[in-house]
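J.: Can you read through this structure? Questions will come right after.
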Amino acid sequence: MSDRPEYKVTALRQGTVIDHLPPGMAIKALKVLGYQGGGVVTIGMFLESRKWGQKDLIKIENKELTWKEVQQIALLGTHTSISIIRDYKVIEKMDVSIPSEIIGVIHCPNPACITNHDDLATRFHVEEMEPMKMRCGYCETIIRKDELELL
């Protein structure tokens, strides 16, 4: 047993738990989600993780993520899990993964791309996972994970 102090966080009645984010990504995840309030948000950063060494954790009261938000979170960390909580119980738990095609989530950096001029959802095809490389389905521009700008 460790002599470190233990911290307890109140259970969620309704909401979402985002667990196993890469260390230091919790604040970025909240920015990506554009969370405007509506409930308590609990953030744990650089927490111990038996499996990954360290992790971040977010609990968001009174919010369930949309499919687009789940995809955005997946791009931040491939080992992340999302749990939907209702009446203090986990009703759904998903391990997020990056799909082979990402629609309407990433901005195309090519100023000439049609998605930057017309009302079209961006469409990127994942060509490589490590290191991540994606190709725009319209203009063929290739971007790496460190270059992506989420919508």
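J.: Looking at (1) touching a helix residue (DSSP H, G or I) at 6+ places or on another chain (Cβ under 6 Å); (2) in contact (Cβ under 8 Å) with a residue 40 or more places away in the chain; (3) among the β-branched types (Val, Ile, Thr), which is the only condition Thr122 fails?
T.: Against the list (1) touching a helix residue (DSSP H, G or I) at 6+ places or on another chain (Cβ under 6 Å); (2) in contact (Cβ under 8 Å) with a residue 40 or more places away in the chain; (3) among the β-branched types (Val, Ile, Thr), Thr122 comes up short only on (2).
J.: Return yes or no: is Glu149 touching a residue at least 40 places away in the same chain (Cβ under 8 Å) and buried (at least 16 other Cβ atoms within 10 Å of the Cβ)?
T.: no
J.: Taking the options Val105, Val41, name whichever one is without any contact (Cβ under 8 Å) to a residue 40 or more places away in the chain and aliphatic (A, V, I, L, M). Can you show your working first?
T.: Numbers: Val105 fails: without any contact (Cβ under 8 Å) to a residue 40 or more places away in the chain.
Result: Val41 is the single residue among Val105, Val41 that is without any contact (Cβ under 8 Å) to a residue 40 or more places away in the chain and aliphatic (A, V, I, L, M).
J.: Considering only the range 49-63, state which residues are at negative phi and out of contact with any Ser or Thr (no Cβ under 6 Å at 6 or more places or on another chain).
T.: Going through the range 49-63, the residues at negative phi turn out to be 49-52, 54-61, 63.
Selection gives Ser49, Arg50, Lys51, Trp52, Gln54, Asp56, Leu57, Ile58, Glu61.
J.: Looking for something out of contact with any strand residue (DSSP E or B) (no Cβ under 8 Å at 6 or more places or on another chain) and over 27 Å from Ala121 (Cα atoms) - is there at least one such residue anywhere in the range 62-84?
T.: No; the residues of the range 62-84 include none that is out of contact with any strand residue (DSSP E or B) (no Cβ under 8 Å at 6 or more places or on another chain) and over 27 Å from Ala121 (Cα atoms).
J.: Scan Ile27, Ile18 and give me the residue that is assigned by TED's automatic domain parsing to the domain that holds Thr78 and free of Cβ contacts under 8 Å to residues at least 24 places away in the same chain.
T.: So the residue among Ile27, Ile18 that is assigned by TED's automatic domain parsing to the domain that holds Thr78 and free of Cβ contacts under 8 Å to residues at least 24 places away in the same chain is Ile27.
J.: Applying the selection to the range 100-130, what residues are farther than 19 Å from Lys68 by Cβ and within 18 Å of the chain's Cα centre (by Cα)?
T.: Residues satisfying the conditions are Met129, Glu130.
Residues checked against (1) surrounded by 13 or more Cβ atoms within 10 Å (Cβ to Cβ); (2) touching a strand residue (DSSP E or B) at 6+ places or on another chain (Cβ under 6 Å):
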site: Asp95; (1), (2): no, yes
site: Ile106; (1), (2): yes, yes
site: Asn110; (1), (2): yes, no
site: Ile114; (1), (2): yes, no
site: Asp118; (1), (2): no, no
site: Arg123; (1), (2): yes, yes
site: Glu127; (1), (2): no, yes
site: Lys133; (1), (2): yes, yes
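J.: Would you point out the residue of the range 23-42, among those that are touching a strand residue (DSSP E or B) at 6+ places or on another chain (Cβ under 7 Å) and either at pLDDT 95 or above or closer than 15 Å to Leu76 by Cα (or both), that is surrounded by the fewest Cβ atoms within 10 Å (Cβ to Cβ)?
T.: Across the range 23-42, the extreme among qualifying residues is Gly24.
J.: Go through the range 117-141 and give me each residue that's in a loop (DSSP other than H, G, I, E, B) and under 16 Å from Leu76 (Cα atoms).
T.: Glu130, Pro131 - these are the residues of the range 117-141 that are in a loop (DSSP other than H, G, I, E, B) and under 16 Å from Leu76 (Cα atoms).
The values are calculated or read from the model by the stated rules, or taken from the named source; none is laboratory data. These numbers were taken from a predicted model, which means no experiment stands behind them. Glycine also receives a Cβ, built like all others from the backbone with ideal geometry; neighbour counts cover every protein chain displayed.
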